[in-house]
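Have a look at the structure below before the remarks.
The values are calculated or read from the model by the stated rules, or taken from the named source; none is laboratory data. Being a predicted model, the structure only gives us computed values, none of them experimental. All Cβ positions, even for glycine, are placed from backbone atoms using ideal geometry, and neighbour counts span all protein chains on display. Protein only, heavy atoms only, side chains kept; ligands, DNA and RNA dropped before computing areas. Shrake-Rupley method; radii C 1.70, N 1.55, O 1.52, S 1.80 Å.
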Amino acid sequence: MTENDHRAAVVTGASSGIGRATAARLAAQGWTVYALARRAERLQSLVDEVPEGTGTVIPLPADVTDTADVERVREQVEAAGRVDTVLCIAGGARGTDRVADGRLEDWDWMYRVNVLGTLNVTQAFLPMLRATGRGTLLILTSTAALASYEGGGGYNAAKMGQHGLAGALRLEEAEHNVRVIEVLPGLVHTEEFSLNRLRGDQQAAEKVYAGVENPLTADDVADVCTYAVSAPHHVNLDQVVMRPVAQASQFKLIRKSQ
Ligand code: 8X3
């Protein structure tokens, strides 16, 4: 038994990528995980993967952008037992258009899922986190929150918005002993991130990672998130920027010739 064995967390975006890997990692370390995502069948496959004798994954299909849905889930979590930790991992990018050509519906979607989704989940669970006397809220943003790049305008705006929310929240919640952790990954090779961003174009999505030696994986980010929420409560990793070595900055990505 470790001191985290009894702990319980809500993880959003748990159907794929970093959210799924983090939910699985926490459960493997003995946590009770309330796994949120829209796709119920994918949540079920996550439940089926958790080895016996470890923690538990409880699937809660919900859309983080829908306030009523999030409230319904909060009631379910409260009825089942409390959580002291919430990880807002749901998010994503849509489109690589320049600002001049950006589609309003893409910008709207990115703002809703990254910023308003985080807001909904935060507002729903903060009273519970405060009530534990030692709550933890982790928000997954991106290095896109630190530097703009061409074709990234809508995603930069959304991630910078989410980054702004995390900063204000950390200041506001410290007196309630709720720590606010922001993890900002760079290039992470997941099944769906670039595919969604590039509107389902598999070839274009693969080119994003072509020749890059060891882009980060969802498991790499899950490891960091798991450590950050498991560290002794007075330790706040308030901003963790993580990139693959091959990506020394947003503007220096080493690709080996193929
Ligand atoms: C994704 C990282 O480099 O595509 O969050 O903006 S990047």
Completion exercise
Checked segment 230-258 for anything part of a strand (DSSP E or B), in contact (Cβ under 8 Å) with a residue 12 or more places away in the chain and aliphatic (A, V, I, L, M); matches are 240, 241, 242, 253
Problem - Matching residues, segment 124-156, being in contact (Cβ under 8 Å) with a residue 40 or more places away in the chain, part of a helix (DSSP H, G or I) and either in contact with a strand residue (DSSP E or B) (Cβ under 8 Å, 6 or more places away or on another chain) or away from the ligand (no atom under 12 Å from the Cβ) (or both) - result: 124, 125, 126, 128, 129, 130, 131, 132, 143
Completion exercise
Restricting segment 158-200 to residues that are among the small types (Gly, Ala, Ser) and within 12 Å of the ligand (Cβ to nearest atom), the one surrounded by the most Cβ atoms within 10 Å (Cβ to Cβ) turns out to be 158
Practice task
Find all pairs meeting these conditions: Cβ atoms under 9 angstrom apart; at least six residues apart or on different chains; first residue within segment 57-69 and more than 14 Å from residue 118 (Cα to Cα); second residue open to solvent by 40 Å² or more (accessible area, probe 1.4 Å) and among the acidic types (Asp, Glu).
Solution key: 57/49
Problem - Count of residues meeting criterion [open to solvent by 40 Å² or more (accessible area, probe 1.4 Å), under 22 Å from residue 147 (Cβ atoms) and either in contact with a helix residue (DSSP H, G or I) (Cβ under 6 Å, 6 or more places away or on another chain) or modelled with pLDDT under 95 (or both)] in segment 214-237 - result: 2
Exercise for the section: Those residues that are within 21 Å of residue 142 (Cα to Cα), in contact with a strand residue (DSSP E or B) (Cβ under 7 Å, 6 or more places away or on another chain) and open to solvent by 30 Å² or more (accessible area, probe 1.4 Å), I need them from segment 70-94; list them, please. Expected result: 91
Exercise for the section: Test residue 240 against the criterion of being in contact with a strand residue (DSSP E or B) (Cβ under 9 Å, 6 or more places away or on another chain), at negative phi, at pLDDT 90 or above and buried (at least 18 other Cβ atoms within 10 Å of the Cβ), and give yes or no. Expected result: no
Practice task
Can you tell me which residue among 21, 27 is over 21 Å from residue 134 (Cα atoms), out of contact with any Cys (no Cβ under 6 Å at 6 or more places or on another chain), part of a helix (DSSP H, G or I) and open to solvent by less than 40 Å² (accessible area, probe 1.4 Å)?
Solution key: 21
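Is segment 95-111 home to any residue that is under 26 Å from residue 226 (Cβ atoms) and open to solvent by 20 Å² or more (accessible area, probe 1.4 Å)?
no
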Practice task
Could you check, for segment 106-114, whether at least one of its residues is within 11 Å of the ligand (Cβ to nearest atom), under 25 Å from residue 84 (Cα atoms) and either not acidic (Asp, Glu) or not in a loop (DSSP other than H, G, I, E, B) (or both)?
Solution key: yes
Practice task
Please enumerate the residues belonging to segment 201-220 that are among the β-branched types (Val, Ile, Thr) and within 10 Å of the ligand (Cβ to nearest atom).
Solution key: 208
Completion exercise
Of the listed residues (14, 24, 9, 35), the one being at pLDDT 95 or above and touching a Ser or Thr at 6+ places or on another chain (Cβ under 7 Å) is 9
